[in-house]
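As structure tokens, the structure follows; a few thoughts come after it.
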Amino acid sequence: MSETRELQMREKQEVAAPAEQTRPGLVFSPLVDIFETDREIVLLADVPGVTADKLDVDLRENVLTLSAEAVSGRGSDEQDILSEFAVGKFYRQFTLSEVIDQGKIEAKLNGGVLRLVLPKVEKAAPRKIQITN
């Protein structure tokens, strides 16, 4: 018997850009932890150096896309001695199934960790239907 999956990772693929990038730089696939309960799926994506204004979470045609740009926190007159993370762009996509209630997805960024809550569609509760004359 086949198992239905609520969330599926897309295989690694080349991204066809409509035009050449104007800003060179590294592109990273953020590491993601995924937790599932009966009511929701929670994604925790590591995006160090990213601020909310440099983060985009997009949902189109059942594809959830994370794209962000990490920036260095150093000033123009400062030089790195040690860096915890490389700066560049983050990009990752997930295909959502019909089990996810796409209208209720929530996102929160805190300390370089993006928390996405993907609630599952509520199943119809069993009930007695009253018959009238």
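The values are calculated or read from the model by the stated rules, or taken from the named source; none is laboratory data. Predicted model only: the values in this text are computed from it and were never measured. Cβ atoms come from the backbone with ideal geometry, glycine included; neighbour counts cover every protein chain shown. Areas reflect the complete protein model, heavy atoms only, side chains present, ligands, DNA and RNA absent. Shrake-Rupley method; radii C 1.70, N 1.55, O 1.52, S 1.80 Å.
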| Does region 21-56 hold any residues that are in a strand (DSSP E or B), within 11 Å of the chain's Cα centre (by Cα) and not charged (D, E, K, R), and which are they? | Val32, Ile34, Val42, Leu43, Leu44, Ala45, Leu55
| remark: Within region 107-117, the count of residues that are within 16 Å of Thr37 (Cα to Cα) and open to solvent by 80 Å² or more (accessible area, probe 1.4 Å) comes to 1
| Listed residues Leu114, Leu59; which is modelled with pLDDT of 95 or more and either part of a strand (DSSP E or B) or of a type in the set (S, T, N, Q) (or both)? | Leu114
| task | Determine if region 70-90 includes at least one residue that is modelled with pLDDT under 85, open to solvent by 90 Å² or more (accessible area, probe 1.4 Å), in contact with an Asp or Glu (Cβ under 8 Å, 6 or more places away or on another chain) and not in a strand (DSSP E or B). | result | yes
| request: Please identify the pairs in which a residue from region 17-37 that is of a type in the set (Asp, Glu) has its Cβ atom under 6 Å from the Cβ atom of a residue that is at pLDDT 70 or above and outside any loop (DSSP other than H, G, I, E, B), counting only partners at least 6 apart or on another chain. | output: Asp33/Leu44
